[in-house]
Structures are given as C-alpha cells and as structure tokens.
Ligand SMILES: *Cc1c(COP(=O)(O)O)cnc(C)c1O
C-alpha cells in the first residue's frame with residue numbers, strides 16, 4: 001500500500017530545540033500578554049521581512065480584520081477586492097461591516113487586474129484590498145497610483161507572501177498596511193499566528209489596543225478592543241522556525257525545480273506564472289488544467305485522489321459564489337476569475353518531498 005500524500009506538511013523545528021526553548025516558561029510562568037518571546041519575535045520578524053515594525057497577532061485572519069478596523073471606515077463603505085482568495089479575505093471585510101466589491105484577476109498569476117479597478121470606484125469606495133496570491137506580487141505601483149488619485153487606502157493580504165522581496169524591499173512595505181499569516185500550513189508558521197506591518201508608531205499603538213482589549217493600565221481602558229494576542233508558546237515556535245526558514249525555502253526551491261521539469265512538460269498543463277515580478281518563496285505549486293488536457297480539472301482532482309495524492313482546488317469556488325455571499329453584493333464582471341477558478345489545482349508541496357513523490361504524481365498525470 002503506497003502512502004497517501006498530503007497537500008502540505010507543517011514545518012517544525014527539531015524537537016529538542018523547541019523543548020529547550022520553552023523551558024524558561026516553567027520558571028517565569030509568563031505564558032502570554034506580550035511576553036519576552038513575543039517582543040523578540042516582533043523584532044526578529046521585522047528584520048527578516050525587512051519592514052519597519054510589526055504587530056504580532058493570534059492568526060492571520062485577526063491580523064487582517066484588525067488592520068481593516070484600524071482605519072475606522074464608515075459602515076457600509078466599499079472595499080475593492082478579489083474573489084480569487086481564501087475566504088478569510090472576504091470575511092474580514094464583511095465582518096467589519098463593509099461591502100466587498102469584487103474585481104477580476106489576471107489569468108497568468110491570479111492577482112487583481114489593476115486595469116479593472118478604476119471602473120469599480122464609487123463615492124463610497126474607501127480602500128483596495130488585493131492579495132499577493134501564491135506569493136505572486138500584485139502590480140503595486142499601479143495600485144498605489146490609483147489609490148493616490150482617488151484617496152483610497154491600500155491593504156494587502158500578504159498571507160502567502162512571507163519573505164517575498166520586490167524591488168529590493170520586503171513585500172510588506174507596499175500599500176498602507178500588509179498582513180501576514182503564520183498558520184501551520186504556510187511557509188513559516190507559529191502554529192497559529194499572523195502579523196500586521198506597522199509603518200508608524202500610531203499604527204502600532206492602535207493595533208496594540210485592538211489586540212489587547214484597549215487596556216493601557218490596571219484601571220485604564222481606552223478603546224473597545226478585541227483579544228488577538230500571540231501567546232509565548234507560539235512565539236517560541238516562531239523563533240525556532242525562523243532559524244530554519246531560509247533552509248526550508250531553499251529545499252522548496254529545489255522541489256519546485258524538479259516539479260517544474262516534470263509537470264511543466266505535460267501537454268495541456270500550465271504552471272501559474274513562473275516568471276515573477278518579485279522573489280519566489282515557493283509557497284505553492286499551482287497549475288492550470290487546460291481544455292486540451294486529457295482530463296478536466298475535476299476529473300484530474302478525482303484521479304489524483306484515487307491514487308493517494310491529495311490536491312486542492314485552491315481557489316474554487318470564488319468567495320463571492322459561496323452560498324453565504326452569492327447575489328449579496330454588486331454584480332461585477334469576473335470572467336477571468338471564473339475561468340481560472342475552474343482550471344486551477346494546487347499540488348502537494350512540502351519540504352520533505354522527494355523525487356519519488358514527484359514521479360508518482362507525474363506518472364498519474366501523464367498517463368493516458
Ligand atoms: C491563510 C490565509 C489567511 C488567514 O490566515 P490564518 O492565519 O489562517 O488566519 C488570509 N488570507 C489568505 C489569502 C490566506 O491564505
């Protein structure tokens with residue numbers, strides 16, 4: 001019986017390393033509330049990601065939800081965003097009582113189609129919320145130009161883009177704010193976790209209040225904050241994983257190379273945007289199943305599954321087609337997003353993958 005291959009496998013540091021690192025907690029009993037390790041990870045990550053400062057959060061979703069909340073947009077304001085994303089992106093807008101306005105994406109890389117943003121702007125528009133999907137860098141220059149022209153905020157969901165550099169700068173420097181996810185399935189993880197990039201002290205303070213009930217002293221509460229703090233066990237996991245992340249990305253790069261050679265040679269299968277604007281963090285291996293391929297996308301999904309290979313239709317359906325959102329928001333032209341979403345599959349991708357696994361996947365996919 002051959003082993004089932006999962007689509008991801010969380011990175012973990014050597015067991016002894018983590019156990020050694022958490023030992024001091026049994027002396028201090030300081031487990032959360034912006035402890036030593038929380039502080040240390042905020043500094044080390046800001047350095048690694050090449051951003052001025054960041055605020056750690058309990059997960060990427062709360063990072064996005066609170067980042068949006070920090071702007072105090074009027075209720076019912078419109079946010080131009082993409083439906084080709086994880087549902088968290090759309091939920092974060094809606095949970096802030098704002099209206100998502102869905103913009104189409106580009107077929108080559110799945111990022112928002114900047115040429116279609118302007119036509120969606122109305123007097124109610126307050127922000128653009130694009131996603132660096134699969135770590136592909138959005139057209140940040142054009143998006144900023146539009147935002148400046150109409151006085152809009154730019155909020156990037158950079159959940160997939162850990163460590164990505166663009167024009168010699170960390171990707172988190174673009175827009176007014178960016179958020180990262182450190183979920184177990186991402187390239188870098190703190191088990192659950194996330195962060196908001198803060199370009200100003202004011203932003204950092206605002207997010208501090210939002211993630212800690214607005215508490216600023218034993219008898220002082222200055223705002224209606226939530227609780228979205230990262231605990232010390234997670235922060236230590238992050239510090240341990242951070243030591244190995246370059247090595248992890250290096251390994252993923254090699255797997256990507258092998259994958260590209262094999263899967264990229266199959267006629268009718270296209271790799272999503274191999275030539276990139278920014279650096280690659282090798283977070284995902286998305287493919288697009290063409291009409292000229294032997295199987296349809298859904299059939300290929302099933303055939304792989306029957307052969308013990310778990311893949312994902314990442315992202316299908318579009319968030320705006322989920323029953324909770326269908327027909328709720330402004331109708332917009334999403335032709336490309338619909339097509340892409342009907343063709344895309346993400347293949348298994350984790351650092352311990354070897355050539356044999358890739359060959360197994362190749363053999364199933366190239367069989368006809
Ligand atoms: C993972 C992810 C999130 C949410 O992050 P969590 O840490 O899982 O809460 C948001 N947006 C995108 C695009 C993601 O992939």
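Here's the yes/no breakdown for (1) closer than 26 Å to residue 177 by Cα; (2) not assigned by TED's automatic domain parsing to the domain that holds residue 26:
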{"site": "215", "(1), (2)": "yes, no"}
{"site": "221", "(1), (2)": "yes, no"}
{"site": "226", "(1), (2)": "yes, no"}
{"site": "249", "(1), (2)": "yes, yes"}
{"site": "257", "(1), (2)": "no, yes"}
{"site": "263", "(1), (2)": "no, yes"}
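Tell me, yes or no, whether region 31-47 has at least one residue that is within 16 Å of the ligand (Cβ to nearest atom), closer than 25 Å to residue 348 by Cβ and in contact with a helix residue (DSSP H, G or I) (Cβ under 8 Å, 6 or more places away or on another chain).
no
Taking region 100-128 as the region of interest, how many residues are more than 21 Å from residue 317 (Cβ to Cβ) and not in a loop (DSSP other than H, G, I, E, B)?
The number of residues fulfilling the criteria is 8.
Of the residues 219, 261, 247, which single one is out of contact with any strand residue (DSSP E or B) (no Cβ under 9 Å at 6 or more places or on another chain), surrounded by fewer than 18 Cβ atoms within 10 Å (Cβ to Cβ) and at pLDDT below 95?
261
Which residues, counting only those in region 59-69, are near the ligand (Cβ under 10 Å from one of its atoms) and in a helix (DSSP H, G or I)?
Within region 59-69, 60, 61, 62, 63, 64, 65 meet the criteria.
The rows are residues; the columns are (1) modelled with pLDDT of 95 or more; (2) in contact with a strand residue (DSSP E or B) (Cβ under 9 Å, 6 or more places away or on another chain); (3) more than 16 Å from the ligand (Cβ to nearest atom).
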| residue | (1), (2), (3) |
| --- | --- |
| 106 | yes, yes, yes |
| 110 | yes, yes, no |
| 117 | yes, yes, yes |
| 120 | yes, yes, yes |
| 138 | yes, yes, no |
| 148 | yes, no, yes |
| 156 | yes, yes, no |
| 177 | yes, yes, no |
| 184 | yes, no, no |
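Among the residues of region 70-99 satisfying the criterion of being closer than 12 Å to residue 124 by Cβ and part of a strand (DSSP E or B), which is nearest to the ligand (Cβ to nearest atom)?
Among them, the one singled out is 79.
The values are calculated or read from the model by the stated rules, or taken from the named source; none is laboratory data. Remember, predicted model here, so these are calculated numbers, not experimental data. Neighbour counts run over all protein chains shown; Cβ positions are idealised from the backbone, glycine included.
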